Amino acid sequence: MSRIKTIFSAGFFILLWLVPLIVIGDSSSSNFQGEVSSKIDLPWRFFPNQLLHPIEAINSKGYIPLDRDSWILPQDSGYHWGTYQTRLRLNKNGQFSLYFPAINSAAKIWVNNKLVFSKGSVSPSEEMHVGNGSIAIINLPSGHKEVIITIQFSNYDTVKSGIAEGVFLGEINSLNKLINKRSAFSIGFIGIFLIISLLCLVLFLYFRNSVEHLYLSIIAVLIAFRTMFLYKAHLYMPIFDGLSFGFKNRIVYTSVYLILIFLPLFINASFRVNKNYLTSLFVIVGVIISLLSLVLPPELYGGVLLNGAHLFFLFEILYTIYIFWLNRAKVFRKLLVIGLSLCFPLIILEMAKNSGLIYISAPFLLEFSVLIFFLFQIILLAKRNSKTFLLIEKMNRSLEEQVDVRTKELVESNKVKESLLSVISHDLRGPLGSLKGVLSLFNNGFISESEMKPLAKQLEAELYNTDILFENLLRWSLAQSSGLRIEKKCYILHDLVAESATIFKEMANQKEIKLVYENLNDELLVMVDRNIVQLAIRNLLSNAIKFTRRGGEIKVCAERTEVGIVCLKIADNGVGMSADQVKKFMNNEPHHKTGTELEQGHGLGLKICKDFLTMMGANITLTSTIDQGTTFAVCLEEAVIENRPVQVTSKV
């Protein structure tokens, strides 16, 4: 299966490489047999540095014979003007025309002895010469089996003089279709590259750190300018009419040389490679070549400088392959590698064609290669953006969840704050008001000492509850303002219970409630924060006394439930809790309930106990049955024997 996949991939790549040759390539023929349109390859007689009229050329012997494809003059020939002449034999009657895609750069054309076409100003003097980039279409006289074509040219604007591309013969309609075909391709490429450039520019502005999009946008604009002026698409754009033909030709070369600057920058940015001396070297050499193309004459900037740029571009290709190798493990770069692998052979083919090493009648090679690269780059961007969008969507979901959690916390916090306001306004003021009123009556003689004793015990019980409530508020406020500091140390559980339970003996006696302690010995060591555990014990005992009927019983015991865990249980046989009240406790929601003798209760103490124990790493659970009682179980971390327990003086 992998072998079939490899063969299929190789065939697909070869097909892409052959697309420009198949679609744009022009078939050639040495004899015109009446096809709709055909390139003609006839032997030309070339008269270097001579501007001859047709009769003079026919009679002159000082010519150079040019065979098939050799009518393209070498770059170093130094021929700035001259004359072509050939005999064209027609094997079919009809009205035919000749199409010259490129004659550089001023020309006159005779058919037999009649001047039928003129562009620019043909002159051996560079001062008198005026170049022109227009194409030439001439109509041949009908009824002639043979015609003599004579062409005068002069060129000081481009590197290739005279006939720079193949000549086509055919009916005028078919030639117009061929011209429209080329124009459509060139304008289409220009439009595509400009759209890609705009898209990349938008992506660069949107993703601030994606400088590779900026480089890609510049490369697309450069290719669009090259296509515009090389394939005469600017003829359809009046805005460029004021530019000289020589300047337009410089744009073709300079736009290509500028790519030498931005290609390595793009590769570095795409692969997140830090700039190194090689990148700096590429940029500096690219800048030098681009500046030289603006000042050197055509035979240099389109000859020696072009060959040097080709060689330098090959080094950039090797550098790109090297960067690929370093980043071969990055899966999301594979499409970029494939795109460059497809376009590089076509670019090398274009370089060989421009250097005169080979002759291929296939325009738009560079445009096709860059378009292939852009195609894979767009796919890469789509994959990258899809991953980005998925990541953003995931982050949005996470943020929404965090907002929901935070909203619930805020709602819960508001509920607690409302409870605190209610507590401060009622539960704190109530006992203090009672104490103030009783003391006022006693001091004014309205209450005797014998009547004061039972009232004093009742006030003492209320003040115990108030003290616990005040401590809860203080602990909660400190936790909200500066955070809760937890300092876990080794303690004897019996001592912690004894110290906390001492203050509740009188409260339990007043309601005739029996406090029973079981299994609380000195062997049970726990690693806890003393303040948190004692706060929890005091709140749980106060809660048990509050909701246990007169004459009831509260049992406090401890046991090892599993390795490393000591469970402290406080159980009463009081009024119990409903399923809804148990649910509110488990959900950490405060709830209001009055004790058996109308003691006030807001559930704030239980909430604070649960929160603080959770912060310490302990766990609290409860089981309860209506009219049978409630059992709270606090599971604490057992301390190892090596830890020296902190001594607590109180005993049960």
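The values are calculated or read from the model by the stated rules, or taken from the named source; none is laboratory data. Note that the structure is predicted; figures quoted are calculated from it, not measured. No Cβ is skipped: glycine too gets one built from the backbone with ideal geometry, and neighbour counts run over all protein chains shown. Keep in mind that these areas ignore ligands, DNA and RNA; they rest on the heavy atoms of the full protein, side chains included. Shrake-Rupley method; radii C 1.70, N 1.55, O 1.52, S 1.80 Å.
Proximity of backbone amide H atoms, modeled 1.01 Å from N, is registered between Tyr517 and Val556 at under 5 Å, excluding neighbours fewer than 5 places apart on the same chain. By DSSP, the beta bridges lying fully in region 480-569 are antiparallel in about 65 percent of cases.
Oblate is the label for region 545-594. Its Cα gyration tensor axes, ordered a ≥ b ≥ c, give a/c of at least 1.5 and b/c at or above a/b.
Averaged per residue, region 492-533 has 40 square angstrom of accessible surface, using a 1.4 angstrom probe with ligands and nucleic acids left out. Each peptide in 556-563, 349-356, 78-85 was scored by the mean count of other Cβ atoms within 10 Å over its residues; highest first, the order is 78-85, 349-356, 556-563.
For region 162-182 and region 502-550, what is the centre-to-centre distance using only Cα atoms, to the nearest Å? If you average the Cα positions of each part, the centres end up 106 Å apart. The simple Förster model, with R0 at 35 Å and r as the Cβ-Cβ distance, assigns Ser125 and Asn274 a FRET efficiency of 0.05. Positive contributions from Lys and Arg (+1) and negative ones from Asp and Glu (-1), summed over other residues with Cβ under 13 Å from the Cβ of Asn249, come out at +3.
With an a/c value of 1.5 or above and a/b not larger than b/c for the gyration tensor axes a ≥ b ≥ c computed over the alpha-carbon atoms, region 511-589 is described as oblate.
Please sort 141-147, 565-571, 157-163, 309-315 by packing, taking for each peptide the average over its residues of neighbouring beta carbons within 10 angstrom, highest first.
So the peptides 141-147, 565-571, 157-163, 309-315, ranked by packing, come out 157-163, 565-571, 309-315, 141-147.
For Leu90, neighbours were defined as the other residues whose beta-carbon sits under 10 Å from its Cβ, and their charges (Lys and Arg +1, Asp and Glu -1) total +2.
Percent of accessible area on region 143-301 owned by carbon and sulfur, 1.4 Å probe? Carbon and sulfur atoms account for 70 percent of the accessible area of region 143-301. Taking amide H as placed 1.01 Å from N in the peptide plane, the amide H of Ser210 sits under 5 Å from none that are at least 5 places away or on another chain.
For region 529-568, the C-alpha radius of gyration sits at 1.42 times the compact-globule guess of 2.2 N^0.38 Å, with N the residue count.
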